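Have a look at the structure below, then the notes.
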Amino acid sequence: MYDYTYYGDYGYDSAFSVGEFAIFGTGTLLIGAGISILIFVALWKIFKKAGKKGWEAIIPIYNIIVLLEISGLPTWYLVLYLIPFVNIYAMFKTYIELSKKFGKDSGFGVLMVFFPVICMPILAFSNCTYKSKDVVNNI
């Protein structure tokens with residue numbers, strides 16, 4: 001009456017599909033590694049512009065502490081990064097203050113949250129200079 005066979009030719013070669021997934025995974029890995037390296041290089045350059053040591057940009061958690069110092073925010077903001085939903089506020093605040101320290105506006109800081117791959121290299125490799133707390137308050 002009915003034929004419920006669950007085997008047969010479905011029109012694709014499973015070995016070919018595995019190869020496609022391997023190529024896709026390798027490509028994704030290479031793109032992700034390239035983006036990570038670009039962000040690390042940009043942070044290194046931003047830290048150097050702010051008078052910090054470049055190697056501080058590649059150490060996890062410590063780089064956030066240094067970024068908070070560069071942004072002029074208190075170090076206890078690191079605790080805010082650990083609280084869900086509050087960390088979103090902390091990230092926006094940090095990047096907005098960072099962009100102001102380099103002479104950019106708040107809109108650029110918001111863009112840094114959403115497009116760090118584009119905005120961090122702009123901040124790092126443009127001719128903008130780091131302004132200390134005294135210079136920013138006098139503007």
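The values are calculated or read from the model by the stated rules, or taken from the named source; none is laboratory data. The structure displayed is predicted, hence computed values, not measured ones. Because the Cβ atoms are built from the backbone with ideal geometry, glycine has one as well, and the counts that use them run over all protein chains shown.
At a glance:
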quantity	calculated
Ile96, sole failed condition from (1) part of a loop (DSSP other than H, G, I, E, B); (2) at pLDDT 95 or above; (3) of a type outside the set (Gly, Ala, Ser)	(1)
Residue in the range 41-54 that is surrounded by 11 or more Cβ atoms within 10 Å (Cβ to Cβ) and in a loop (DSSP other than H, G, I, E, B) present	yes
Index of the failed condition, Phe102 passing every other in (1) touching a Ser or Thr at 6+ places or on another chain (Cβ under 9 Å); (2) modelled with pLDDT of 95 or more; (3) among the hydrophobic types (A, V, I, L, M, F, W, C)	(2)
